[in-house]
1. Find the residue count for region A:515-572, including only residues that are among the charged types (D, E, K, R), assigned to a helix (DSSP H, G or I) and surrounded by 14 or more Cβ atoms within 10 Å (Cβ to Cβ).
2. Tell me which of these A:LYS414 doesn't satisfy, since it passes every other one: (1) farther than 29 Å from A:ASP474 by Cβ; (2) touching a residue at least 24 places away in the same chain (Cβ under 8 Å); (3) of a type outside the set (Gly, Ala, Ser).
3. If you take the residues in region B:264-286 that are of a type in the set (A, V, I, L, M, F, W, C) and either more than 14 Å from chain A (Cβ to nearest Cβ) or not in a strand (DSSP E or B) (or both), which one is farthest from B:GLU491 (Cα to Cα)?
4. How many residues does region B:522-547 contain that are of a type outside the set (D, E, K, R) and more than 27 Å from B:ASN462 (Cβ to Cβ)?
5. Quick one: is A:LEU51 outside any helix (DSSP H, G or I) and either free of Cβ contacts under 8 Å to residues at least 12 places away in the same chain or away from chain B (no Cβ under 11 Å) (or both)?
6. Can you tell which of B:ALA225, B:ALA236 is closer than 28 Å to B:PHE157 by Cα and at pLDDT below 90?
7. Out of curiosity, is B:GLY527 crowded, with 17+ Cβ neighbours inside 10 Å, closer than 22 Å to B:SER410 by Cα and of a type in the set (Gly, Ala, Ser)?
8. Tell me which residues, restricted to region B:558-617, are modelled with pLDDT of 95 or more and among the aromatic types (Phe, Trp, Tyr).
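The values are calculated or read from the model by the stated rules, or taken from the named source; none is laboratory data. Quantities reported herein were computed from a predicted structural model and do not represent experimental measurements. Here the Cβ positions follow ideal geometry from the backbone for every residue, glycine too, while neighbour counts run over all protein chains shown.
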Amino acid sequence: MAEYSSLKHIQDTPLDGMEQLKKGSNFLRGTLVETMANPITASIPETDAKLMKFHGSYMQDDRDLRNERRQQKLEPAYQFMLRVRLPAGVITPEQWLTMDEVSHKYGNGTLRLTTRQTFQMHGVLKWNMKKNLQEIHAAMIDSVAACGDVNRNVMCNVNPNQSDVHGEVYEYSKQISDHLLPRTTAYHEIWLDEEKVADSKEVVEPIYGETYLPRKFKIGVAVPPSNDIDVFSQDIGYIAIVEDGELQGFNVSVGGGMGMTHGEPDTYPQLGRVIGYVPKEEVVNASEKLLTIQRDYGNRSNRKNARFKYTIDRYGVEWLKSELNERLGYELEAARSYEFESNGDEYGWIKGNDGKWHFTLFIENGRIKDEENYQLMTGLREIAKNHTGDFRMTPNQNVVISDITDDKKQQISKLIEDYGLTDGKHYSALRRNSMACVSFPTCGLAMAEAERYLPSLVDKLEVMLEEQGLRDEDIIIRMTGCPNGCARSALGEIGFIGKAPGKYNMYLGASFTGDRLSKLYRENIGEEEILSELKPMIGRFAKERYEGEHFGDFVIRADYVKATTDGTNFHD
Amino acid sequence: MQLQVTNSPFSQEQVDLLNQLLPTLTENQKIWLSGYLASQATSGAAPAAAEGPAVQEAAAPQTSQAEAASKEVTILFGSQTGNGQMIAEDSSRRLKDQGYNVTVSSMDDFKTKNMKKVENLLVIVSTHGEGDPPDNAISFHEFLNGRKAPKLEDARFSVLALGDTSYEHFCQTGKDFDQRLEDLGGTRLYPRVDCDVDFDDDAEEWIQGVLSSLNELQEEPAQAAAAPAGAAASAAPATEQPAYSRTNPFRAEILDNINLNGRGSAKETRHIELSLEGSGLTFEPGDSLGMFPENDPLLVDQLIREMDWNPEETVVLNKQGDIRSLREALLSHFEITVLTKPLLEKMSKLTNNEKLSELLETEQADDLRSYLEGRDLLDLLKDYGPWQGGAADVVGNLRKIPPRLYSIASSPSANPDEVHLTVGAVRYDAHGRPRTGVCSGQCAERTDPGDTLPIYIQHNPNFKLPDNPSAPVIMVGPGTGIAPFRSFVEEREEVEADGKSWLFFGDQHFRTDFLYQTEWQQWLEEGSLSKMDVAFSRDNEEKVYVQHRILENSGEVYQWLQDGAFLYICGDEKRMAHDVHEALVTVLEQEGNMTHEAAEAYMLDLQQQKRYQRDVY
């Protein structure tokens, strides 16, 4: 499909500036070559910074230092966050060692696992970006389309129990990722010094076209009973249907998404709706067709209202089905049955069906670094030097050391012990189920702390839980520094979304399995109020809960909040 | 000046009384007295007597009677900082007051063909680096030492050499001139005086010596008669409107004092804004500011404790007999952080410790040099005791604390009534103790907004923007060498200069050491600065400095020079300014197809056209 019809969505308002920028960028090149070389500033102009996202990188600055540096007549401490593309979060030990090395050489000496199963590194200076990308390229890692208005890193259930199925599902998620990659050679020319290939506009981006998508686009594949990837938070969520131990195909969920904007009720988190089933051979094709529907109908005037969820809510699920059927040339089958049990990770040692071992390591908020009493980064590096299997990043910002053979198990096990690496079992269940986005000091969108604050809030909540005998009760707690939803707070049984330094909106009542959004409980509160609200609630939960009842369900039954049944009533 | 019957209108009895009285007077007493006498003269005797023209009139007939002694005096100065020029101008004023015809000129501006006509020559010259002449003395120094130098058998001369005893080749250039002028046949009018950094007293002695020698040559008492009246006349107004100067510094209030280096930097560079309100001080971009620092009170107290001195003991500050408490004197008046050979020689008389006299033996020169490096008075007192005599004896051997000069970093038109400085804090560990630079340490650690600092303006005519605002300028200022260029660009923004401008800056790290970064960015965006290249030496494996950037841009640098660009270099003399000079010579060789000699000649020519100016230290 070299041609696609021009925008089908009637634009009665002018296009967002970003649309013109993409169109004029010569397929994501802009003036990046020149501005990345300008020696007077470590920043690049806003237009190039927006294009830079398509290359996997956000321009940021150390916000802790912003005011101090202004007084010193120094520009902000500009730096780049680099997010690599790692379909399904699978990485070899060699690649792990490369990431470890570049993070010390060019980054701030830490790595950050993301909620979309990949690595971020922070603190890369402009002048080091090219070397950094060339070095990871040599290890077969790239950052193409890790951010930007394109299909992002494709997620996939980590699923260490069913290794055969995981392998197959992983292959499909990789195929989806490859198929939906932008085809422009801009990345290779700018960063890898490859020759520019002469091309005409028609063939450069056969799927995306020159303006790409109206907004970011996310795809994830879940394998029940685990919903670790939060399948309903994805623009397209696939639910693997396994029958008689064989992968058959996927239920298709559409229109999930976490982001919203404070004070704009037209924006809301939404869960995906399951619209049918596709056989596994059709999953790549279906992905392309759904993505092109969003390409053609998504709102290109208002980026706050541009995600696929809003397109579907505007035109209706039935419309979407018929549009998809038309593009596919056949009708979707009816969805098959499935059941999710949790969206968390299983920690510690697990033996897969093929006899290989997997160890899931708890990593608080996904931050890999060395601390005086906990040499996490060094420990993982030593493991990578000896490991013959893979590493898998989980959607909950943890890591699985996977595919360990029997004869290697002892050695890996010893390294885990030597470095005191933890499966988190000595932590409270609340901490194991906690998740925060990066936020301050690097994220430009942050309004309140998240990664640097949540652990200390959990310390205080643990005391309350222990008093009530709930130390081992799994409760999902999530915090983001802004409403864009990187840590999927709207799917936390207890969720916090930052409003201002030290102030959060508090949300309650999401389901434990990730199929119900939460609801606003208190607005703009600080720690003292958070604790005084939660204390009696936890007390009642301990005494009044039903057998096996989760906290997110209890707060609805106890009438603290009403259940959110659809994103469109999230704000009600 | 010692009064004699022959050089004054007084009788022997009066001369004796005056010679007894005058040395005991303080500066203030002298000023008061001269004003008093002047007012007596104007109210009593013929008013015109005290005025300049009357002096000339009185003197005129006498010159014709004494034809042998010429009244033509030529003063040539060569100095980097402007101290030489200041003394030259002061001398000139005082000579003119006594009826001499004075020509004052920098050595660079002096037409060498006039050399053979010179009758009375006064040379005031400083020494730089390894005994080298300052920039504006290089050509003249070469000329005088070359074969084209004229015979000077009819000429009389005297040399005032400026220097610093902490350098090995102390006052070398002055000594060279003194020797050469003698070799050329000149007669010494007054012996050469070598000044250390606290040059005021020595320079004064030299001026007075020169004056009295000249006056003696006139052999006419009547001529000298006018002198006191003339001196009084010039001194009297001074009491009415005290002009702030080196000898009478203005206490400027600190408006702001910030560290320009970001967190994690190995450096600390203070941006200091001072108020000049009410001072009447004026300056131009390129001028410097002198600051009298105070020593670190911690170091002073350590010294006093070490020697078990009484901090309240009274000590004499100067020949005028001003007194202060010991602690006050050590804090504000004497240098205690630098050791020099002359100081060690004087101190060796206060100790029986033979190791000190051994160190001072000629064959121990290398040991002495390494001992002096990085040590201070406290080290000396600890190392070579036991000491004889008291605090007063030690203090009597010390040099006065010299003012520090800083290139001004602001334009007066952009910041009226303010002056900004860029001061690099000097901190290092040596011989087991952390040390700080006296003035920079004070700026970094002991001054806050609201405090005041004693300052004066030191004009520097050798570092000035081109008169023509359309002329292109190339500025090279790594580290704190950036200071005057901030003032230049501010000024050019104010006057809307339309010439191109190009700044080369360098330091250790882009992230933390890009001094005034946001200001340059803004000027680049607005066009007040056309082009900027930066070199951060510690950001890459290979160290990159400003000279490398100049070489990388050699074609364009050459084109700018061909277009008439003015070149300015500010900062470290030893390495940076030398390397930049070499880079410029290479640019000329490469781009202009010049031989090395031709390129050097081109640079010399630029310098003579004042298109190659340096403010280096």
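1. Matching residues across region A:515-572 total 6.
2. (2)
3. Residue satisfying both the conditions and the ranking: B:ALA266.
4. 7
5. no
6. Exactly one residue qualifies, and that residue is B:ALA225.
7. no
8. Scanning region B:558-617 gives B:TYR558, B:TRP560, B:PHE566, B:TYR568, B:TYR602, B:TYR612.
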